[in-house]
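The structure appears right after this line, and notes come after that.
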Amino acid sequence: NVGNRQNLGVLLLALQIFQFGIDRIPIVTLITLLTNIGVYLHVPELFHVDLPKVRDICISYNGVVVYREYLRLVLSGFYHLSDMHLYYNMASFLYKGTQLEPRLGAFRFASVLGTLLVGSSAVYCALQYTAANLLMLGASHLSTCAAGFSCVLFGLKVIMQNTTPPSHSLFGISIHMAYWSELVWISIISPNVSFVGHLAGILTGLLITRGPLNFVLTGETPAFFEGGLRNQQSWGSGVASGGGSAPRRSNIYQDRADNFNEAEDAELQEAIRRSLAEENSTPRRGGGEYSTQPEPRIHVLLIYYVNF
């Protein structure tokens with residue numbers, strides 16, 4: 001049944017992957033893509049491995065906290081509710097993965113993905129509980145669950161945009177703030193998407209780029225593991241050094257973000273230099289260096305609500 005309408009998204013995704021070139025997709029990105037596709041097509045069942053139903057793995061406060069089904073924190077990200085749901089998410093991930101994984105390395109990129117997957121699910125549960133109590137939505141709201149990879153995608157978007165030179169803008173909006181406007185915009189044009197799920201992904205991305213989870217991105221030992229004087233200095237305790245010198249607050253997270261921005265600036269300047277050099281030379285047919293295309297905006301969608 002691969003040729004029917006229900007699998008049109010799978011065919012489009014396969015076409016996009018082959019057009020891009022499987023040999024050019026980094027290993028962690030490729031494994032993640034194939035895992036999502038395999039789960040949607042129920043490939044494990046060919047080997048007599050039963051997959052749980054969506055309602056048994058989708059993320060919700062009651063499912064994780066009340067019933068203590070902690071596998072939901074991981075499995076919910078790998079389930080998609082339609083072929084186009086899968087296509088939009090995986091096409092977006094293909095772009096983001098091929099940009100970030102070569103820069104971070106396979107192990108660090110895998111660590112970032114795992115942190116975003118579990119972290120955004122946990123944040124989703126916290127936001128769902130908070131909203132249910134503050135807005136008095138009722139106990140039934142805590143059973144409303146969501147599935148999809150969009151939490152991770154929004155987290156990756158935050159990481160990409162926060163490691164881009166601040167001079168970049170999109171329609172007059174700083175690229176460092178674009179994910180906030182995108183969060184609102186998507187919720188307006190697609191009311192069936194999970195606002196809370198996307199918000200959870202953004203907040204988890206910020207925890208990685210600017211907060212206490214920054215060690216996942218930088219590869220440094222987290223400050224809260226160091227202890228003693230080094231721990232106090234890393235967290236900005238204001239410990240003075242030297243004879244009577246003024247206390248200096250340090251922020252390892254901002255320092256690492258600055259380092260990433262400096263690296264991006266250098267890459268941007270090099271790209272501009274090469275572009276100018278090519279414009280001043282005779283154009284060549286074929287060959288040349290590969291240049292990535294801008295990410296289609298539609299690829300930021302979707303994480304659907306599932307109500308049971």
Next on the checklist: Among the residues that make up region 10-22, is at least one of them under 26 Å from residue 123 (Cβ atoms) and not acidic (Asp, Glu)?
Outcome noted: no
Next on the checklist: Given the criteria surrounded by fewer than 22 Cβ atoms within 10 Å (Cβ to Cβ), modelled with pLDDT of 95 or more and among the polar types (S, T, N, Q), does residue 130 qualify?
Outcome noted: no
Item to check | region 133-157, residues that are assigned to a helix (DSSP H, G or I) and of a type in the set (Phe, Trp, Tyr) | outcome: 154
Checklist entry - Any residue at all in region 206-215 that is out of contact with any helix residue (DSSP H, G or I) (no Cβ under 7 Å at 6 or more places or on another chain), assigned to a helix (DSSP H, G or I) and without any contact (Cβ under 8 Å) to a residue 40 or more places away in the chain? => result yes
Checklist entry - Which ones in region 89-110 are among the polar types (S, T, N, Q) and open to solvent by less than 10 Å² (accessible area, probe 1.4 Å)? => result 89, 92
Next on the checklist: Criterion first (under 30 Å from residue 18 (Cβ atoms) and buried (at least 19 other Cβ atoms within 10 Å of the Cβ)) does residue 63 satisfy it?
Outcome noted: no
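Mind checking whether some residue in region 17-29 is within 23 Å of residue 145 (Cα to Cα) and either part of a helix (DSSP H, G or I) or open to solvent by less than 30 Å² (accessible area, probe 1.4 Å) (or both)?
Filtering region 17-29 down to residues within 23 Å of residue 145 (Cα to Cα) leaves none.
No, every residue in region 17-29 fails to be within 23 Å of residue 145 (Cα to Cα) and either part of a helix (DSSP H, G or I) or open to solvent by less than 30 Å² (accessible area, probe 1.4 Å) (or both).
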Next on the checklist: Testing residue 161 on (1) open to solvent by 10 Å² or more (accessible area, probe 1.4 Å); (2) within 19 Å of residue 36 (Cα to Cα); (3) of a type in the set (S, T, N, Q), one condition comes back false. Which one is that?
Outcome noted: (2)
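Does residue 59 qualify as being more than 30 Å from residue 141 (Cα to Cα) and touching a Ser or Thr at 6+ places or on another chain (Cβ under 7 Å)?
no
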Item to check | residue 79 more than 12 Å from the chain's Cα centre (by Cα) and in contact (Cβ under 8 Å) with a residue 24 or more places away in the chain | outcome: yes
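So which of 86, 46 is of a type in the set (A, V, I, L, M), surrounded by fewer than 19 Cβ atoms within 10 Å (Cβ to Cβ) and in a helix (DSSP H, G or I)? Don't jump to the end; show me each part of the working.
Numbers: 86 fails: surrounded by fewer than 19 Cβ atoms within 10 Å (Cβ to Cβ).
One residue alone meets the criteria, 46.
The values are calculated or read from the model by the stated rules, or taken from the named source; none is laboratory data. Nothing here was measured: the structure is a model prediction, and the numbers come from that model. In this analysis, Cβ positions are derived from the backbone assuming ideal geometry, glycine residues included, and neighbour counts consider all displayed protein chains. These area figures cover heavy atoms from the full protein model, side chains too; ligands, DNA and RNA do not enter into them. Shrake-Rupley method; radii C 1.70, N 1.55, O 1.52, S 1.80 Å.
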